[in-house]
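Engineer: Below is a structure I'd like to ask you about.
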Amino acid sequence: MAKIGELWQQTQGLRLQELVRWRRRMVEEKKCYTEELTLKETDPVKFEVLFTRLLQSAVNARELAKMISASNAVREIGEITVALYTPEGDCVCLSCGVLLHVHSLSWFLKFMMEAAYEENPGIRPGDIFLNNDPHIGGFHAPDILIGIPIFYGERLVGWAGSMTHVPEVGAVEPGGLPASATSRFQEGLFFSAVKIGTNDTLHRDIENTIERNVRDPSQWLLDTRAKVAAARHVRETVLKLIDQYGPEYYVEAVQEYIEDTRRAARRKMARVMVPGRYRARGFLDGEIPNGHQALMQINLEVLVDREGNVSLDYEGTSPEEPLPLNMSVPATDGAIFCNLIQYVFYDCHFNDGITYAVQMKLPESLLRCSPFASTVGAPGRTGGVLSGVLTQVFSRAYYMGGHPDDAIAPTPTSTVCYKGGVDQYGRRFGFNHFELIAMGTGGRATGDGAHASYAPFNPEGDSGDVEVWEREAPILYLGRRLRMDGGGFGKYRGGSPLDSLYLVHGTRVCESGMVSVSKWVSANQGLMGGYPAPSVVFAVARDTNIDQLISARQPLPHFYGDPARPELVWRLKGTVEPGGPVNRPATPRKEHDAEEILFHSGAGFGDPIERDPTLVLKDVLMETTSRRAAEQVYGVIIRGDRLHPAALTVDVEATAARRAAIRAERKRRGRPARQYLAEQRERIVRGEIPAPAKRMINRLLSHSAAWAGWYRAQWNLPADFAQVP
Amino acid sequence: MAGERRRQQIAYVDTGGTFTDAFVVDEQGDFMVAKAPTTKRDLSVGFYEGLTKAAGRVGLTLDQFLAELDVLGFGTTVVINALLTKTGRKCGLIVTRGQEHIFQIGRGKTVWVDLDFVERIHVAAHRSVEPLIPLHLVRGVTERVDCFGQVVIPVYEDEARRAARELAAEGVEAIVVMTLWAFLNHVNERRIADLVGQEVGEGVEVVEASKVSPMIREFSRATSAFIQAYTSPLLERQVRSLQADLRRRGFRRDLLIMQSTGGVVTADHIMAVNTIQSGPVGGVIGARYLGELYGYKNIVSCDVGGTSFDVGLIINGEFRINREPVVGKMIPSVPMADIVSIGAGGGSIAGVDPSTRRLYVGPASAGADPGPAAYGRGGELPTVTDADLVLGYIDPDYFLGGEIRLSRELAEASIAKHVAEPLGLSLLDAAHGIRALADAHMRELVAGALVAKGYDVADFVAMAFGGAGPTHVEGFTAGLGFSAIFFFPYSAAFSAFGCAAADIEQTMPLSVTLVVPPRATDAEILRLAERLNAGWEQLEARTMERMEAQGFRQSEVSLRHTAAIRYGRQLNDLIIQSPVTRICRIEDWRALVATFELEYEHVYTHSAKYPQAGYEVYEVSVTASVRKTKPRLVAHPVHPPEVASRALRGRRQAFFDGGPREVNVYAMEDLLAGSRMEGPCLIEGRTTTAVIPPSHAAEVDEYLTFHLIRGTAPGTR
């Protein structure tokens, strides 16, 4: 059994660059973070008490930072994370919040150490480092990471880190997620792992650079103060604990926490997952600025063995595109980590032990794009689909393994509407509308998804209040409701997201854009016969007669209404686009132009015609399921014409008949699998598939030999089949 | 003075989940506590039973007892009970058209806001909440006011009339009207309310949300108005009947009702929504009151109950206010004393996690039923109380003064099975581990409440109470560096004591919008500050009106003004006690901002300041208060420290320094002022036990308050 102090001695005198490499070598050779859990085994109580205190310091620090921050993402939706790292940059424990960035912050810290920052610019007590370069750490330019070293005497004993999403970073468009960007050089002001402070004081030259290069610097600068305060809180707590426990105990304990989580993660996998090979795919669509409609796939194969070893292989994922949907390696890594915590390892004292418990193969693709030119402005959309693919796999495994309570259909992606210009107070502004994280959760194997309360990157989702959004940006809501038929249909349906309709209000200068996917193609499928959630809708109405309608006390549009005849279209006169592109660069808006977003949401679980008709009736009364969907999708016939519990009833006999008819229709349409596959093969050979899909397949055939082989085998195509004609 | 009966002066009755505590103070300042079971179907039964018991102890009938009292206060749970059991009025809701789903959306966070850390992250555990008012009782009316209070769309009056008729036809008993930004300009909301009133007549109450809560955030404002509409008749019925009955029995004053904000009001002027959670605030008021007596302005109140550990902060003699409290799954905009809680208390369940194979304690609690394993009521899982019992700190025959007999065997078996064996620990080490981890959770909450908010612990004293407060006080204060640590023989009834010490108070907040850009001129600032002045003026008038209605003269009432200030674009603010009551000159504004800057720097450090961003004020408030008669602590003659030996009850084995040791056990109620007990020892009271570890001591001061002393030198407190 190892003795306390061995690690302290062993790593004495190592340069930080060597320390990082030493740990990597050790993990590769020993297949673990540390071989023994001496402290845990000799005194589990002391071990646990120290962990409790470290974890609480991160939780407390996050609360502190929330008080100082200026980003609406922080206050309204809690997009902030604080974490503690080992000297070599592995996460020991973290607060709740945006879980994406925990491991990507680790990338940033390791980058600095491997790049010999110790020599130049130096890593010393009181230093403050900042990064928003997504190829070093983080997701995209608005994710601003702060890391400060923790020195005990002259020895580096750890790092404290914090991250917030800052809505304005000086990109080609306001709001930090420019839909028009085709390269990195349009995405804003990057700091690639820069020392921004010494002796706990921010450098004035850096602040000046930020003040002069972004539209609204106060958010960036106040958030930086918030993160530094949070990191300092963690640092001071750690130093006091080291005084109490001794440095030898502390450095040994933090590595044991990581190893302990790694082992717990494997045990959990072995306990809940049925060993085997799982496959799943997700899709992204988008408009490339040159006019192409792009379709991309994320392909995943997961291998789980009896010991709980898990490997994720993304071979067969589409190559990168000139769209802001590409992902850097730290971003992809972060998205995977985020999903694993929420869906599998939530009860495993999560930290970087999870990343060491899971093997990953990440080919060059939109998940591992070129670090120097590619645009990665809005990778959250891709991360959402990536997360959804993982959720599908784990939920199937839970279901098969007899753990239905944990089986849940995916919520794939999110949609950001952004604005900039001069706000209602006469100030320059850049704004992300963070209602985006009020999506629904997916249907579960044992019940419905929750409405408007979730995003794949943040389980603590929140819609915020209309009044707060109107105070933050020059907008005036005409309506906000749960989107009708917004969750995926199923025996247990997905939760509904929001349907928000507002006017531009109180501004002389305003431009507005949106970045999203899933306009034509559902990003992730439902589970066990459940439907995917409906696609995203972004409607815009310009130069309308709304002011005349108000003067004449005429009815106004308040929500989308019947998709075949949206309210914006039939109630307003003017230039109305009821469903234009969802990846739409910012264009100017005038006073009282209207915008409406129907967000994406969670998929359904199970066959909709198995849904309890009384639950369908309840949803109809809640205006989350339409009468049309009740009849056509759920096969539930509801009698009565007034939306009232006393007026509506389920016609049991007619429902049984309708469901029988749906089953009969399915049988009529059904064909033997062999026949279906043969027909589809013919379509492929003749090139009779939609252009975006054809383009996607052909790019993949050229890009991935492994996937091309699988594709040819799957469709029984000749070995020389190179492209769909 | 034997034989000379003292007049009973103050009584406060606090309704808890299990017991109703009557806290009674006589004219000399001595206390007594009488307990009665809480009777949820009719809270007045427990109310009278508690008072009757107290009266009996001093040889009085209930009527004689009531006739003597100067002050009688009541903390009622009728509002929260009605919400939990869904037994309030049938309510309808009229909102700005387009916002009809307000309660179905429920601000998203209501899905997870009451979940613990793991469940929040575990998405499959998330469930939607049933709307407070079903959609078929909700109507929209076209209208809009913007964020400056400008009317953009006037009320579509036909819609309002139709909505009223439809809801009346549904048989609603009350209609809540909530329109966006009505707290800035209520013209549309009031017009709708008037039209509704005309349509529905007097049989249906119309409640304007901006009158109940003139605060930003429509979901919370609507929630507050709903609570008011849903429960107010129940509360009114209860207090009116109690008031009338008390008068018949000879009580000559107005019954006072405790509010969530920390003050009391006369029964005729209570708003139901302000009583939603009045219990926990008692502890904070009690701590503040004792702080005044001892000369401490910075205090942390620590309440260790059966299921939760509640921490409140008093800074410069004022406790913090939470403007968005979470009550169950509701987030009303009702100012409440800011109390942070975790699921850690005597009933917190311990175990070993199957995945991590690590010890956990809480947040789940065994509650009172089935309770800890030692209760023998079917609870099989070990709790903190079981650990305290196994460690010898609690006497199984004297728990709650002997009211509940504990089984040490059941506690041992439970800890052995669920903790000791899975971790390979001895029984005592396992029990010690449970206790140590529970203490660590509590300690970190205390540290978070102070250190994470930038305060220096050395500037604070800690006051520990609740049934398990003295049992764990050393553990959750260890190493934090408080300047003094107190606990009390009446710990279990400390909240009732605090409520008895509450002043008559009305706090009214108001949302305003004041954005002062970075380079604003003095003239611009003064022009903008008129919004602040108007807000304060309005609130002064409203609070004084309430006070006068309760029979107080203007000269008796003191007013405190606050402004919630932040830097430009910042998302949170600091509530600043304003040094001025109006901004008439630029110096007034500078004085206000200087107070903010000082407080900001104190809390968040100098480097977090950013005055270049300008300033914003989104809320002002005025608190009107009148001091009332309070419990008076009596100074007792101080004896030499050795007098403690007179209260020595015996010796028993308890776990200290890694193993069982034979230690002194003192009778808490028998200890005289000046007593000093060296650790390790136990001090047993009727409702609590204090654990004094080695290298510590406890001293009793002239007010019979206990001080936990670190180190062994006498008089080091």
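The values are calculated or read from the model by the stated rules, or taken from the named source; none is laboratory data. Bear in mind that the values here come from a model prediction, so they are computed numbers and not experimental data. Positions of Cβ are generated from backbone atoms using ideal geometry, with glycine treated the same way; all protein chains shown enter the neighbour counts. What goes into the accessible areas is simple: the full protein's heavy atoms, side chains included, and nothing from ligands, DNA or RNA. Shrake-Rupley method; radii C 1.70, N 1.55, O 1.52, S 1.80 Å.
Engineer: Consider residue B:110 against the criteria (1) at pLDDT below 95; (2) touching a Leu at 6+ places or on another chain (Cβ under 7 Å): it satisfies all of them except one. Which criterion is unmet?
Structural biologist: (2)
Engineer: Another question, if that's okay. If you scan region B:675-717, which residues turn out to be open to solvent by 10 Å² or more (accessible area, probe 1.4 Å), of a type in the set (S, T, N, Q) and either modelled with pLDDT of 95 or more or within 26 Å of the chain's Cα centre (by Cα) (or both)?
Structural biologist: B:687, B:689
Engineer: So, one more: Please determine whether any residue of region A:582-605 is over 30 Å from residue A:430 (Cα atoms), part of a loop (DSSP other than H, G, I, E, B), open to solvent by less than 60 Å² (accessible area, probe 1.4 Å) and not hydroxyl-bearing (Ser, Thr, Tyr).
Structural biologist: Taking region A:582-605 and keeping what is over 30 Å from residue A:430 (Cα atoms), we get A:603-605.
Now narrow it down to the ones that are part of a loop (DSSP other than H, G, I, E, B): A:603-604.
Next, only the ones that are open to solvent by less than 60 Å² (accessible area, probe 1.4 Å) stay: A:603-604.
Remaining after also requiring not hydroxyl-bearing (Ser, Thr, Tyr): A:603-604.
Within region A:582-605 (the criterion being over 30 Å from residue A:430 (Cα atoms), part of a loop (DSSP other than H, G, I, E, B), open to solvent by less than 60 Å² (accessible area, probe 1.4 Å) and not hydroxyl-bearing (Ser, Thr, Tyr)), the answer is yes, since at least one residue qualifies.
Engineer: Determine whether region A:540-548 contains at least one residue that is within 30 Å of residue A:693 (Cβ to Cβ) and among the aliphatic types (A, V, I, L, M).
Structural biologist: Pass one, region A:540-548, residues within 30 Å of residue A:693 (Cβ to Cβ): A:540.
Those still in the list that are among the aliphatic types (A, V, I, L, M) too: A:540.
Yes: region A:540-548 contains one or more residues that are within 30 Å of residue A:693 (Cβ to Cβ) and among the aliphatic types (A, V, I, L, M).
Engineer: Cβ-Cβ under 8 Å, sequence separation 6+ or interchain: first residue in region A:197-225 and more than 10 Å from every other protein chain (Cβ to nearest Cβ) and more than 21 Å from residue A:510 (Cα to Cα), partner open to solvent by 50 Å² or more (accessible area, probe 1.4 Å) and assigned to a strand (DSSP E or B). Which pairs?
Structural biologist: If the second residue must be open to solvent by 50 Å² or more (accessible area, probe 1.4 Å) and assigned to a strand (DSSP E or B), no pairs are left.
Engineer: Does residue A:675 fit the bill of being touching a Ser or Thr at 6+ places or on another chain (Cβ under 9 Å) and surrounded by fewer than 13 Cβ atoms within 10 Å (Cβ to Cβ)?
Structural biologist: On the way: touching a Ser or Thr at 6+ places or on another chain (Cβ under 9 Å): no; surrounded by fewer than 13 Cβ atoms within 10 Å (Cβ to Cβ): yes.
Judged against the criteria, residue A:675 is not a match.
Engineer: Now a separate question. Please return the ranges of helices (runs of 4 or more DSSP H) entirely within region B:51-142 where 2 or more residues are open to solvent by 10 Å² or more (accessible area, probe 1.4 Å), farther than 30 Å from residue B:188 by Cα and among the charged types (D, E, K, R). Working first, answer last.
Structural biologist: On the way: elements: B:62-68, B:78-85, B:102-105, B:117-121.
Per the criteria, B:62-68, B:117-121.
Engineer: Can I ask one more? Which of the residues belonging to region A:619-673 are over 26 Å from residue B:136 (Cβ atoms) and not in a helix (DSSP H, G or I)? Steps first, please.
Structural biologist: Looking only at region A:619-673, we keep the residues that are over 26 Å from residue B:136 (Cβ atoms), and these are A:656-657, A:659-673.
Within region A:619-673, A:670, A:671, A:672 meet the criteria.
Engineer: Here is a follow-up. Could you name every one of the strands (runs of 3 or more DSSP E) located completely within region A:345-462 that has at least 1 residues being open to solvent by 10 Å² or more (accessible area, probe 1.4 Å) and of a type in the set (S, T, N, Q)?
Structural biologist: Strands (runs of 3 or more DSSP E) meeting the threshold: A:358-361.
Engineer: Still on this structure: So, of the residues in region A:512-525 that are of a type outside the set (Val, Ile, Thr) and touching a Cys at 6+ places or on another chain (Cβ under 9 Å), which turns out to be surrounded by the most Cβ atoms within 10 Å (Cβ to Cβ)? Quick ask: steps written out before the conclusion?
Structural biologist: Kept after step one, since they are of a type outside the set (Val, Ile, Thr), are these residues of region A:512-525: A:512-514, A:516, A:518-520, A:522-525.
Adding the requirement that they be touching a Cys at 6+ places or on another chain (Cβ under 9 Å) leaves A:512-514, A:516.
On the way: A:512: 27, A:513: 22, A:514: 26, A:516: 31.
So, considering only residues that are of a type outside the set (Val, Ile, Thr) and touching a Cys at 6+ places or on another chain (Cβ under 9 Å), the one surrounded by the most Cβ atoms within 10 Å (Cβ to Cβ) is A:516.
Residues checked against (1) more than 23 Å from residue B:615 (Cβ to Cβ); (2) within 14 Å of another protein chain (Cβ to nearest Cβ); (3) of a type in the set (S, T, N, Q):
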{"residue": "B:548", "(1), (2), (3)": "yes, no, no"}
{"residue": "B:562", "(1), (2), (3)": "no, no, yes"}
{"residue": "B:565", "(1), (2), (3)": "no, yes, no"}
{"residue": "B:568", "(1), (2), (3)": "no, yes, no"}
{"residue": "B:571", "(1), (2), (3)": "no, yes, no"}
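Engineer: If you don't mind, another one. Tell me, please, whether a residue that is open to solvent by 50 Å² or more (accessible area, probe 1.4 Å), in contact with a Cys (Cβ under 8 Å, 6 or more places away or on another chain), in contact (Cβ under 8 Å) with a residue 60 or more places away in the chain and at negative phi can be found in region A:533-540.
Structural biologist: So in region A:533-540, the residues open to solvent by 50 Å² or more (accessible area, probe 1.4 Å) come out as none.
There is no residue in region A:533-540 that is open to solvent by 50 Å² or more (accessible area, probe 1.4 Å), in contact with a Cys (Cβ under 8 Å, 6 or more places away or on another chain), in contact (Cβ under 8 Å) with a residue 60 or more places away in the chain and at negative phi.
Engineer: Kindly provide the set of residues from region A:226-269 that are more than 12 Å from chain B (Cβ to nearest Cβ), over 32 Å from the mean Cα position of the chain (by Cα) and not aliphatic (A, V, I, L, M), ordered by number.
Structural biologist: A:246, A:247, A:248, A:249, A:250, A:252
Engineer: Within region A:257-287, restricting attention to residues that are closer than 30 Å to residue A:586 by Cβ and open to solvent by 10 Å² or more (accessible area, probe 1.4 Å), which residue is modelled with the lowest pLDDT?
Structural biologist: Going through region A:257-287, the residues closer than 30 Å to residue A:586 by Cβ turn out to be A:282-287.
Narrowing the set further to residues that are open to solvent by 10 Å² or more (accessible area, probe 1.4 Å) leaves A:283, A:287.
On the way: A:283: 93, A:287: 78.
Applying the filter and picking the extreme gives A:287.
Engineer: Report every pair of residues separated by at least 6 positions or lying on different chains whose Cβ atoms are under 6 Å apart, first residue within region A:51-64 and facing chain B (nearest Cβ under 8 Å) and within 21 Å of residue A:79 (Cβ to Cβ), second of a type in the set (A, V, I, L, M, F, W, C) and open to solvent by 10 Å² or more (accessible area, probe 1.4 Å).
Structural biologist: Close Cβ pairs satisfying both conditions: A:64/A:229.
Engineer: Out of all the residues in region B:151-187, which are part of a helix (DSSP H, G or I), farther than 25 Å from residue A:647 by Cβ and either within 13 Å of another protein chain (Cβ to nearest Cβ) or free of Cβ contacts under 8 Å to residues at least 12 places away in the same chain (or both)?
Structural biologist: Selection gives B:157 alone.
Engineer: Here's something else I'd like to know. Go through (1) touching a helix residue (DSSP H, G or I) at 6+ places or on another chain (Cβ under 6 Å); (2) crowded, with 24+ Cβ neighbours inside 10 Å; (3) not basic (Lys, Arg) for residue A:114 and report which single condition fails.
Structural biologist: (2)
Let's see how each residue does on (1) over 30 Å from residue A:480 (Cα atoms); (2) among the β-branched types (Val, Ile, Thr); (3) away from chain B (no Cβ under 14 Å):
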| site | (1), (2), (3) |
| --- | --- |
| A:612 | no, no, yes |
| A:619 | no, no, no |
| A:632 | no, no, yes |
| A:648 | no, no, no |
| A:675 | yes, no, yes |
| A:695 | yes, no, yes |
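Engineer: Please give the helices (runs of 4 or more DSSP H) falling wholly within region B:395-507 in which 3 or more residues are among the aliphatic types (A, V, I, L, M) and either open to solvent by 30 Å² or more (accessible area, probe 1.4 Å) or within 14 Å of chain A (Cβ to nearest Cβ) (or both). Please lay out each step first, then the result.
Structural biologist: Values: elements: B:408-415, B:427-450, B:469-477, B:494-500.
By residue number, B:408-415, B:427-450.
Engineer: What pairs can you find where one residue is in region B:314-330 and under 28 Å from residue B:482 (Cα atoms), the other is at pLDDT 85 or above and open to solvent by 50 Å² or more (accessible area, probe 1.4 Å), and their Cβ atoms are less than 6 Å apart, with a gap of 6+ or different chains?
Structural biologist: Every condition considered, the pairs that remain are B:316/B:297; B:317/B:297.
Engineer: Now, a different point. Out of B:638, B:634, B:663, report the one residue that is in contact with a Lys or Arg (Cβ under 7 Å, 6 or more places away or on another chain) and under 30 Å from residue B:32 (Cα atoms).
Structural biologist: On the way: B:638 fails: in contact with a Lys or Arg (Cβ under 7 Å, 6 or more places away or on another chain); B:634 fails: in contact with a Lys or Arg (Cβ under 7 Å, 6 or more places away or on another chain).
B:663 is the lone residue from the list that is in contact with a Lys or Arg (Cβ under 7 Å, 6 or more places away or on another chain) and under 30 Å from residue B:32 (Cα atoms).
Engineer: I want to confirm something. Restricting to region B:210-226 and keeping residues that are more than 12 Å from chain A (Cβ to nearest Cβ) and in a helix (DSSP H, G or I), which single residue is most open to solvent (accessible area, probe 1.4 Å)? Can you show your working first?
Structural biologist: To start, the set of residues in region B:210-226 that are more than 12 Å from chain A (Cβ to nearest Cβ) comprises B:211-214, B:224-226.
Of the ones still in play, those that are also in a helix (DSSP H, G or I) are B:211-212, B:224-226.
Numbers: B:211: 112, B:212: 26, B:224: 1, B:225: 0, B:226: 9 Å².
Out of the qualifying residues, it is B:211.
Engineer: Another question, if that's okay. Looking only at residues in region A:481-511 that are under 24 Å from residue A:628 (Cβ atoms) and open to solvent by 10 Å² or more (accessible area, probe 1.4 Å), which one is farthest from the chain's Cα centre (by Cα)? Working first, answer last.
Structural biologist: Just the residues of region A:481-511 that are under 24 Å from residue A:628 (Cβ atoms), to begin with: A:481-501.
If we keep only those that are open to solvent by 10 Å² or more (accessible area, probe 1.4 Å) too, we end up with A:481, A:483-485, A:489, A:491-493.
Working: A:481: 23, A:483: 21, A:484: 23, A:485: 23, A:489: 22, A:491: 26, A:492: 23, A:493: 21 Å.
Only one residue fits best here, namely A:491.
Engineer: Now for a different question. Just to be sure I understand the filter: pairs with C-beta atoms under 6 Å, separated by 6 or more residues or on different chains, first member in region A:545-573 and within 11 Å of another protein chain (Cβ to nearest Cβ) and over 18 Å from residue A:504 (Cβ atoms), second member assigned to a helix (DSSP H, G or I) and open to solvent by 20 Å² or more (accessible area, probe 1.4 Å). Which pairs pass?
Structural biologist: Once the first residue is within 11 Å of another protein chain (Cβ to nearest Cβ) and over 18 Å from residue A:504 (Cβ atoms) and sits in region A:545-573, no partner that is assigned to a helix (DSSP H, G or I) and open to solvent by 20 Å² or more (accessible area, probe 1.4 Å) comes close enough.
Engineer: Please enumerate the residues belonging to region B:629-643 that are surrounded by 13 or more Cβ atoms within 10 Å (Cβ to Cβ) and free of Cβ contacts under 8 Å to residues at least 40 places away in the same chain.
Structural biologist: Passing the criteria: B:639, B:643.
Engineer: Going through region B:108-138 one residue at a time, which ones are in contact with a Lys or Arg (Cβ under 7 Å, 6 or more places away or on another chain) and within 7 Å of chain A (Cβ to nearest Cβ)?
Structural biologist: B:111, B:112, B:124
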